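Below is one structure, written out as structure tokens; comments come after it.
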Amino acid sequence: MEPACSRPCSFTTQGTIIDRIDYNISTTAVLADEARRELVEANKSHKKYRTKLCILLLIAISVALLLTILFRPKSRGSSAGSQVAPPPTSAPSMAQPSAINVVGGTVQLVYELARAAAT
């Protein structure tokens, strides 16, 4: 390929080449500005998409937790036929609190708490 002006060029030919270069530069500048605008728009829409995705994920997790709480299976210990029997109560002397009395009271408290939670 031969350069545009391999021999001495006239002013008209040089002017035409300069005009083409000027046109290409101005076209490139316009296209670069449009590309920048499109990138800004794409960035905004991507941020909106991420926000919507996070909100949708939180809603899905909330619905799953709500359904789990509403339709959870009953535990085996909560049915009427299989209630835990209260611990046997023995009557130690009332004069001095013994270790058995303290443990028995704790067991009774735990039993009552478990019974209240099951109902």
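Please enumerate, by chain and number, the aspartates and glutamates with C-alpha under 20 Å from the C-alpha of residue 74, excluding those fewer than 8 residues away in the same chain.
112
Once the convex hull of the alpha carbons of segment 8-72 is built, what does its volume come to per residue, in cubic angstrom?
Normalising the Cα hull of segment 8-72 by residue number yields 63 Å³.
Just so you know, all these numbers are worked out from the coordinates, no wet-lab data involved. The structure displayed is predicted, hence computed values, not measured ones.
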